[in-house]
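First comes the structure, then the notes that go with it.
The values are calculated or read from the model by the stated rules, or taken from the named source; none is laboratory data. Just so it is clear, the model here is predicted, and its values are computed rather than measured. For neighbour counting, all protein chains shown are included, and Cβ atoms are generated from backbone atoms with ideal geometry for every residue, glycine included.
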Amino acid sequence: MDSELDLEGYQKFRCDRQTGNRGGGVLIYVKDILNPTEYQTKSLYGEHVWCQVGTLLIGVCYRSTNTAVVGQDNDSRLLEILHEVSDKHVLIMGDFNYPNIDWATYTATSSPLGSGNEEFLQTIQDCFYTQHVLSPTRNDAILDLILSSDPDLVSDVSVLHDFGNSDHNMVSFTVHSESETFHSIRQVRDYCKGDYDGIREQLRDIDWDSFMSGDMESSCTNFKLLLLKLECKFIPIKRIDGNGRIKEPVWMTRKALRCVRKKKSVFRKYRDKGHPAVKRANLEATNELRKEISG
């Protein structure tokens, strides 16, 4: 479900595999403040998703080599979509599964027969795309690619370790693109400052036998309305901006803000059991305890 994949402060664009087979599907997360919008292509290619951030079109594709799942025309449809967006300011990422292409020299082998390596590479050259990943992303093969219409759009490409149970390595890079940011102020309930004693007092004064005397549906509705009423009365409202941060009060100076951030940083270290200072303190306490026991 969407609710299982949502990340606070990000907009999600997803495309699930429609064949009903396990696996597949692609997903893009973009920060809310970049105001991304969904983009639809004309291509009937199966596993791809697109969004627009300013003037930049961003896409993620997955190419499966299992023709029993994706069909015999999957490769040709992928080439169609690459041609379709080639006239735009575009960034394309994904697992394309073309292991027999040397991206340092832009040469491809035709083996195994029907692999589509040469056709894919020819399309990349015809569309004037630049491929930025030059290190293996799975064993000794470069399967995960970053394509851009502007060779200077991408820099600092790093192939990192694998993620979780995946047999592919993660790819990190920097995109050089300008876009306006949007900070929308919204109001939410500040449950940390709620008057829960007042709520308890209100609940104690209710005749629950009479209040819940109806059928199950009406009782649930009445209880829900009661909770909403108590929430409006006893839980104050706070304002936060679109990326989840609380709007700073007018008295917050830069010096005070630095102190608050330093306090939060120290507290995070205090809670981090793996921090070297915490490990050192625990080790010293353990050694002291051992001395007392042995003594």
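Side notes on the structure shown:
- Selection from the stretch 116-133 of residues that are surrounded by 17 or more Cβ atoms within 10 Å (Cβ to Cβ), in contact with a strand residue (DSSP E or B) (Cβ under 7 Å, 6 or more places away or on another chain), under 12 Å from residue 147 (Cα atoms) and not aromatic (Phe, Trp, Tyr): 121, 124, 131, 132, 133
- Only residues that are in contact (Cβ under 8 Å) with a residue 40 or more places away in the chain and either over 17 Å from residue 76 (Cβ atoms) or of a type outside the set (Ser, Thr, Tyr) (or both) were counted in the stretch 104-136, giving 9.
- Figure legend. Inter-residue proximity from the stretch 41-67: first residues outside the structural domain of residue 96 (by TED's automatic domain parsing) and more than 21 Å from residue 31 (Cβ to Cβ), second residues at pLDDT 95 or above and surrounded by fewer than 19 Cβ atoms within 10 Å (Cβ to Cβ), beta-carbon distance below 9 Å, spacing 6+ or different chains. No pairs are indicated.
- Across the stretch 53-74, the number of residues qualifying as within 21 Å of residue 130 (Cβ to Cβ) and either buried (at least 18 other Cβ atoms within 10 Å of the Cβ) or β-branched (Val, Ile, Thr) (or both) comes to 10.
- Selection count where residues are hydrophobic (A, V, I, L, M, F, W, C) and either touching a Ser or Thr at 6+ places or on another chain (Cβ under 6 Å) or assigned to a loop (DSSP other than H, G, I, E, B) (or both), scope the stretch 89-112: 5
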